Every structure is written in C-alpha cells, then in structure tokens.
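The structure appears right after this line, and notes come after that.
Computed from the coordinates by the stated procedures, all read-outs in this text should not be read as laboratory data. Note that the structure is a prediction, hence the values are computed from the model and not measured. Note: ideal-geometry Cβ built from the backbone for every residue, glycine included; neighbour counts use all protein chains shown.
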C-alpha cells in the first residue's frame with residue numbers, strides 16, 4: 001500500500017498522544033511499517049499539540065511534509081484551521097465539534113474568531129464532525145472522549161475494528177478497557193458531514 | 001526469530017541497556033531525554049537506577065560505576081551535557097573500565113529548550129566515541145554496540161538522539177530471547193597511575209587518548225553502522241542520524257554514505273566514497289560537523305544557498321534543496337488558514353501556586369531573574385513578572401550580579417525546587433558569602449514539574465517509587481548561615497505579599513520558600529470549583545490579572561469597555577486565588 005499520513009492535532013490534555021499511540025499500534029499489528037512522531041514538552045497543558053502517524057510497506061521520515069496529510073484529525077475546532085497547511089489536496093478531515101477558548105482570548109489579549117463556522121465550512125466543505133464529548137458523556141465517562149474520536153477515525157483507516165480493539169487492549173490499563181471500547185464503538189458510527 | 005515492538009528511541013535505550021547488562025543508570029530529567037530513565041526504571045530488577053540531582057552528579061555516578069567495573073549509563077538533554085562536561089573531559093583520559101554509555105538528546109528547532117546545540121562538537125572535544133541512530137531500531141542496536149565500543153577502546157561512548165528520534169516511535173525487533181544481559185564484570189584494580197590524573201600521570205594518559213582515537217577511526221571504517229547504499233553515482237550524499245530518513249525520501253535514487261558512527265569520522269571510507277561519486281553533498285542536522293571534516297580532507301562538497309545548518313531538519317527543507325540543485329521537484333502545494341487565529345501558548349495550570357508569586361511580584365514592581373521550569377511562563381502577560389532566564393540555577397547569580405552592578409529597587413531571584421537542588425544551592429551560598437542582599441524565592445511545589453512530574457530530593461520518593469529523605473530547603477538555608485528564611489503558603493495571597501515585601505525590602509540576603517503542591521502531581525486539578533456572581537461582579541478586572549486559564553471574559557459593561565468575569569467549571573481547580581483578589585466578594589467556592 002501507499003504510505004498513509006495521519007496528523008492528529010488539538011490541545012494539550014485532550015488525549016491526542018494516547019489516540020496516536022493506538023493508531024500506530026494498530027498499524028503495527030497489521031504488519032505495516034510505522035512511524036509515530038509527536039512534539040510535547042512545554043505544550044503539556046493547554047498548548048497546541050501535534051502528533052503524526054505514518055504507515056505503509058516502508059516508511060522513512062517520521063515527519064509528514066506540509067501538504068501531504070491524507071487525514072487530518074482535529075480534537076478542537078480552532079486547531080483544525082491552525083493546521084490546515086498539513087492537509088494534502090483531497091485529504092480527509094475529521095473534526096471534534098468542540099471549542100476550547102485559548103487563554104489569550106479569554107483574558108482579552110487577542111481577538112476571538114467570530115466566523116469560525118464559516119471559515120471551517122469554506123476550508124473543509126466535506127469534513128466529518130463528531131461531538132465526541134457528548135458521545136463520551138452518553139457512554140458514561142467524559143475522559144473517553146479521545147476514544148470516541150479514535151472510533152470515528154478508525155472508519156477512515158484500512159484497519160478492522162478487531163485490530164483496533166487489540167491495540168487498545170494492549171495499550172490501555174485493563175480496568176479501563178471496557179469503558180474505552182464502548183466509547184470507541186460509539187464513535188464509529190457518529191461522524192457526520194454538515 | 002523476532003519479536004517486534006513499537007518503541008520510541010527513548011524506550012529503545014532502556015531496552016538496549018537491559019539487554020546489554022547495564023547495571024547502573026543515573027540522569028536528571030530534561031526534554032526530550034526524560035523518558036529514558038523512566039523506562040530504565042521498568043527494568044529496575046536488573047538496573048540500579050536513579051534521578052540524579054543534576055547531570056554532573058549523574059555523570060559522576062555513572063563514571064564511578066564504570067570504574068568499579070560495571071556497565072553504566074547516563075542520559076541528558078543537550079544543555080545538560082554542558083553541566084556534565086567537567087567529569088567527562090577527564091574520564092576520557094582515564095578511560096572507561098566497565099562500559100560507559102552517555103545518551104545526549106539534542107533539541108533542533110528548540111521545541112522545549114532555551115538554545116540549540118549540536119552536542120557532536122562536545123563529543124569530539126572530549127575525544128569520546130559517537131553513535132548517531134536514525135530510528136528506534138538503530139538506537140536499540142547502537143546502545144548495545146556502544147557498551148562494547150566503550151569497553152573495547154576504554155572510552156565513554158555517546159549516542160546522540162534528537163527530539164525527533166527521542167519522541168518518535170518506530171518498529172523495533174528486540175529478538176525473541178530478550179532479557180537482561182549479564183556481561184562479565186571488569187575487575188576494579190586500584191591503579192593511581194590511571195585513576196588519579198595528576199600531571200605526571202595525565203601526560204601519558206593524554207598520549208593514550210590520542211592512540212585510542214586512531215584505533216577508533218579504524219573501527220569506524222569497519223563497523224556496519226557506517227555503510228554505503230549504492231545508487232546513481234552522479235550525486236553521493238553523506239548523511240548521519242535521523243537526516244538519513246529525509247534523504248531516503250527526497251533523494252531516493254542517489255548513492256548514500258550512511259554514517260551511524262561519526263566520531264572519530266571514518267576518514268578512509270569517506271575518501272573512498274567521495275572518489276566513487278561525481279559530486280559529494282553532506283546533509284546532517286545542526287552544525288556542519290561532518291561537512292567541515294570532509295572539506296578538511298580536501299574533498300569538494302556541493303555548495304548551496306538553501307540553509308541547512310540550523311533549526312530542525314525535515315523533508316520540506318531537503319525538497320527545497322533538491323529544487324535548487326536539480327530543479328526537478330516542487331514543494332507540495334500548501335494552503336494556510338491560520339491568518340488572524342489567536343495563539344495558544346502553554347500556560348500555568350489553573351490553580352498553580354507559581355501564579356500567586358508572579359501576581360504578587362508584579363504588584364510589588366520587582367525586577368525578577370527567573371530560571372528553567374514551568375514558572376518561566378510567569379514572564380508572559382498578564383503576569384509579566386520575569387526579566388531574565390539563562391540556564392539552570394542562573395537566576396541567583398544573575399540577581400546578585402545585577403545588585404553588584406548597582407541595580408536599585410526591589411530585586412529577587414525565582415527558582416523551582418528541583419532547579420534549586422540542581423544548581424541553586426551554590427548560588428545562594430555565594431550571595432551569602434559575598435554580602436549580597438537579594439531575595440531568593442524558591443517555588444516549592446515538591447516535584448520536577450515541566451518535564452512531567454519526576455521525583456526529586458524534596459518530594460520524598462525516588463525514581464523507583466521508594467521512600468526517600470525529604471530535604472527541607474528552609475533548614476538548608478539556615479544551616480548555610482542565612483538569618484532571614486521565611487516559609488509561606490503561596491495560596492494565602494495576603495501573607496505572601498506581606499512576606500515578599502518585607503524580604504525584598506530587607507537590607508540582608510534572604511530565602512523565601514513559597515510552597516504549594518503541583519496541582520497535577522498532587523491530583524488537585526478537580527479539587528473544587530469557584531463561581532462568579534454576575535450581579536455582584538463590578539467588572540473591575542482584578543481577577544484577570546492572575547492570567548488563570550479558568551477565568552474567562554463574561555458579559556461586557558454597558559459601555560463595552562470592561563468585562564465581568566466568568567469561571568469555567570471544567571478548568572477551575574478551586575484554589576480560591578481569584579476569590580482573594582475580588583474586593584466585592586463576587587467569587588465564592590461552590591464545592
């Protein structure tokens with residue numbers, strides 16, 4: 001298969017790194033070569049975070065060149081715009097329908113984006129949206145929001161649900177697996193275009 | 001047979017250390033190297049491991065273990081190597097007994113650092129061996145080989161990682177027989193001619209170090225870590241470390257000399273490769289470390305206008321280079337949509353005790369020398385209460401230097417607990433000894449915060465989770481001879497202001513320990529919630545000065561010039577700092 005490039009972006013603390021870990025593990029379980037690369041450190045809390053996963057027969061660079069992401073998964077609406085330059089022409093976009101106001105805005109230092117809906121529609125006319133926090137609440141634990149997104153993301157990858165489950169079981173502490181699997185399954189059917 | 005696992009290079013170091021029979025490991029945390037020791041600790045049954053107090057001490061512990069005949073490892077970020085250089089420079093004369101492996105993680109592009117350093121220069125300076133892995137598999141293989149090389153040539157062996165290798169996970173075949181290795185321990189034999197490099201012994205050691213370099217250079221030409229991948233010989237690319245991956249992606253058809261062992265450089269191999277291709281191009285990350293040595297051999301290297309010798313390498317930069325040199329590619333079309341978007345910088349967590357100190361220092365109009373840690377964020381608006389940050393521990397000497405240079409007004413140094421233990425203790429002693437009057441404020445949250453909550457001498461636990469003695473910073477300062485030592489609960493804003501004002505204005509040196517546990521480490525992020533009564537709120541803006549991420553702009557006043565505040569219950573951790581700033585009693589703790 002051609003190497004697939006997936007960029008996951010959002011805000012520190014949203015569970016992006018765990019989600020990309022599980023995606024990378026799933027690809028490895030499928031017998032593919034995988035590289036997962038993330039930047040954290042000062043972005044630990046509240047900063048903008050990015051993780052990139054590439055998989056295929058043979059993958060060299062851990063960095064996905066700008067303009068070549070086949071899939072952009074944004075855990076937050078504003079961040080989807082910030083990382084627009086990663087997306088390949090014709091690439092797919094999955095957006096968590098959630099706003100997290102940056103402290104620069106809540107404190108009044110910088111202006112709020114008032115036309116976010118319009119800008120997202122213009123940039124990504126066929127984006128998929130999922131209200132992962134609402135789905136996670138239905139499942140019974142808001143902390144599983146990232147696995148709802150993993151579920152929504154999974155249908156855009158060439159991997160079976162079973163393989164994803166296996167990766168989750170290997171990565172997530174045993175007592176939390178059932179709750180997370182439930183969230184993952186709930187996320188699989190919930191992404192919609194608008 | 002094989003056993004494939006997905007590992008970051010940091011994890012791969014730990015697995016390799018275990019397999020190579022490493023017995024002792026010590027490190028001080030620092031992004032991007034922190035996870036190395038955290039993962040070594042997973043093999044604590046076979047590796048005695050610890051958080052060192054600083055990189056120099058960790059290097060010394062590893063050297064001691066090596067002298068005793070065991071295999072030892074230390075790991076650090078690039079700036080940590082600066083701290084550890086002193087023992088290293090002499091141990092390269094003495095020569096390793098048990099294998100000594102040093103992992104240094106550079107941070108090209110400064111994702112989480114105050115500067116960018118190519119550590120390869122320091123490794124060459126120290127006459128040590130140097131491996132440069134391109135991914136986690138090579139890290140796993142090279143760390144094991146580094147122990148062998150260290151013992152074979154009696155030399156410290158470095159493995160240079162970068163943020164990109166440290167924090168990238170790739171598939172590693174660890175072998176189906178993975179387990180803790182048990183190499184033969186070297187005997188320790190007392191030998192003052194070797195281990196005590198006084199001048200008369202050091203001179204012959206100097207000659208030995210020279211011979212060692214020559215022997216290693218021959219090894220460099222034979223090791224499979226340096227290899228030619230033959231392709232189109234119209235261009236021959238010499239590359240090292242992770243940049244190999246980008247070369248394979250952007251220049252896939254050309255011949256490559258892939259260097260995995262770069263100090264000393266395999267001179268004969270480089271010459272042979274250069275002779276076999278029409279043009280030689282050198283691609284590496286940060287300084288022209290290999291390139292300058294290649295040029296010094298009289299080999300002509302392709303010149304280019306594309307800047308490659310600073311910031312992080314990536315495929316886009318090499319594509320730009322290819323466009324310049326060969327003119328047969330274009331960079332992928334890129335659409336940007338981030339114009340006018342508000343930035344999202346990292347911020348002090350809601351409820352962080354550091355916020356109280358910076359809020360108060362801003363109020364007191366103090367000049368503040370700062371240091372390395374989460375609290376460097378106190379420099380940014382709206383707190384804006386920090387003037388300088390140089391390196392670990394520098395704040396104290398910096399403040400004292402400012403005082404000596406005649407700086408007037410309120411002046412203080414602010415340092416975290418872990419940074420204080422790392423290299424603040426000598427700083428305050430110097431202030432006391434030399435008659436300074438500055439105040440040193442220790443932001444004591446009982447954890448090493450920014451690197452992800454590592455234990456330290458103040459936290460009461462070790463790397464492996466065992467109980468450890470707790471060092472009391474106030475008692476330490478008193479024992480040094482400080483007469484003015486104060487301890488204050490940072491969450492009590494009135495008390496904090498009173499103490500800081502008094503100590504900053506006192507004409508004697510003082511140490512203030514402003515305490516409050518890290519909200520994340522102490523699991524206090526959901527400890528409570530405060531609420532603003534929108535009727536009582538007068539939109540005075542006092543609470544906004546805290547810069548707390550949980551406090552948001554609410555309803556505007558009729559003239560639209562000011563805003564009432566509102567508290568996001570999800571982000572609020574109930575610290576009540578904002579309640580203390582409100583003169584109108586509009587903020588209450590609701591749970």
Shielding of B:241-250 by other chains, given as the mean Cβ count within 10 Å, works out to 3
Mean-square fluctuation maximum in Gaussian network of chain A, Cα pairs under 10 Å, restricted to A:111, A:27, A:132, hits A:111
Helix B:55-67: inclination vs chain B longest Cα principal axis, degrees, rounded to 10, gives 40 degrees
Distance in nm between residue B:475 and residue B:279 label points, each 7 Å along Cα→Cβ, equals 6.9 nm
Nearest-0.05 FRET efficiency for residue B:195 and residue B:218 at R0 = 35 Å, using Cβ-Cβ distance, is 0.80
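Of B:271, A:2, how do they rank once you tally other Cβ atoms within 10 Å and put the fewest first? It would help to have the intermediate numbers written out before the result.
Details: B:271 15, A:2 7.
Ordered by Cβ neighbours within 10 Å, fewest first: A:2, B:271.
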Stretched fully, the stretch from residue B:505 through residue B:484 gains (0.36 nm per residue minus C-alpha distance, one decimal, in nm) 6.4 nm
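Provide B:230, A:77, B:71 in ascending order of the number of other Cβ atoms located within 10 Å of each residue's Cβ, fewest first. Don't skip to the end; give the middle numbers.
Working: B:230 14, A:77 20, B:71 28.
Ordered from fewest to most neighbouring Cβ atoms within 10 Å, B:230, A:77, B:71 come out as B:230, A:77, B:71.
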Quick calc: nm separation of the 7 Å Cα→Cβ label points for residue B:467 and residue B:542 -> 4.4 nm
Among beta bridges assigned by DSSP with both residues in chain B, the antiparallel ones amount in percent, to the nearest 5, to 25 percent
Checking A:93, A:177, A:49 against a Gaussian network model of chain A (alpha-carbon springs below 10 Å), the top fluctuating residue turns out to be A:177
Note to self: C-alpha centroids of the range B:68-142 and the range B:354-429 sit apart, in Å, by 30 Å
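How high is the relative contact order of the range B:227-326, in percent, with contacts defined as C-alpha pairs under 8 Å that are six or more residues apart? Spell out each step's value before the answer.
Details: 158 pairs, mean separation 30.4, N = 100.
Across the range B:227-326, relative contact order equals 30 percent.
Considering every residue in B:34-45, what mean count of other chain Cβ atoms within 10 Å of its Cβ is obtained?
Numbers: counts 1, 0, 0, 0, 0, 0, 0, 0, 0, 0, 0, 0.
Across B:34-45, the average partner-chain Cβ count within 10 Å equals 0.
Does the range B:64-149 come out rounded, prolate or oblate, given a ≥ b ≥ c as the square roots of the eigenvalues of its C-alpha gyration tensor, rounded meaning a/c under 1.5 and, failing that, prolate meaning a/b above b/c?
Numbers: a/c = 2.07, a/b = 1.32, b/c = 1.57.
Oblate, because a/c is 1.5 or more while a/b does not exceed b/c.
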Rounded to the nearest 10, the angle in degrees between the Cα long axis of helix B:394-404 and the longest principal axis of the Cα atoms of chain B comes to 60 degrees
Chain B: relative contact order from alpha carbon pairs under 8 Å, six or more residues apart, as a whole percent, is 11 percent
With only helices counted (DSSP H, runs n ≥ 4, each -39500 (n - 2.57)), the per-residue ellipticity at 222 nm for chain A, to the nearest 500, works out to -11500 deg cm²/dmol
Final fewest-first order of B:248, A:36, B:561 on the 10 Å Cβ neighbour count is B:561, B:248, A:36
Burial-style ranking of B:111-119, A:16-24, B:531-539, B:507-515, average other-beta-carbon count within 10 Å with highest first, yields A:16-24, B:507-515, B:111-119, B:531-539
antiparallel share of DSSP beta bridges within the protein assembly as shown, to nearest 5, in %, is 35 percent
Stretched fully, the stretch from residue B:86 through residue B:336 gains (0.36 nm per residue minus C-alpha distance, one decimal, in nm) 85.3 nm
Over all viewing directions the Cα convex hull of the range B:4-222 casts an average projected area in nm² of 11.4 nm²
The Kirkwood hydrodynamic radius of the range B:353-515, taken as the inverse of the mean 1/r over all distinct Cα pairs, in Å, comes to 15.5 Å
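Taking 0.36 nm per residue of sequence separation and subtracting the Cα-Cα distance, how much length would be gained by fully extending the chain between residue B:495 and residue B:379, in nm to one decimal?
On the way: separation 116, 0.36 × 116 = 41.76 nm, distance 2.27 nm.
Result: 39.5 nm gained on full extension.
Tell me, what is the FRET efficiency for residue B:187 and residue A:137 to the nearest 0.05, using R0 = 51 angstrom and their Cβ-Cβ distance as r?
Values: r = 65 Å, r/R0 = 1.26.
The computed FRET efficiency comes out at 0.20.
Roughly what % of DSSP beta bridges within chain A run antiparallel, to the nearest 5? Intermediate results must be reported in sequence, preceding the final value.
Details: 17 of 29 bridges.
Taking every DSSP beta bridge within chain A, about 60 percent pair in antiparallel fashion.
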Taking Cα atoms, the helix B:353-364 axis meets the longest principal axis of chain B at an angle in degrees (rounded to 10) of 60 degrees
With R₀ set to 30 angstrom, the calculated FRET efficiency between the beta-carbons of residue B:232 and residue A:30, to the nearest 0.05, is 0.35
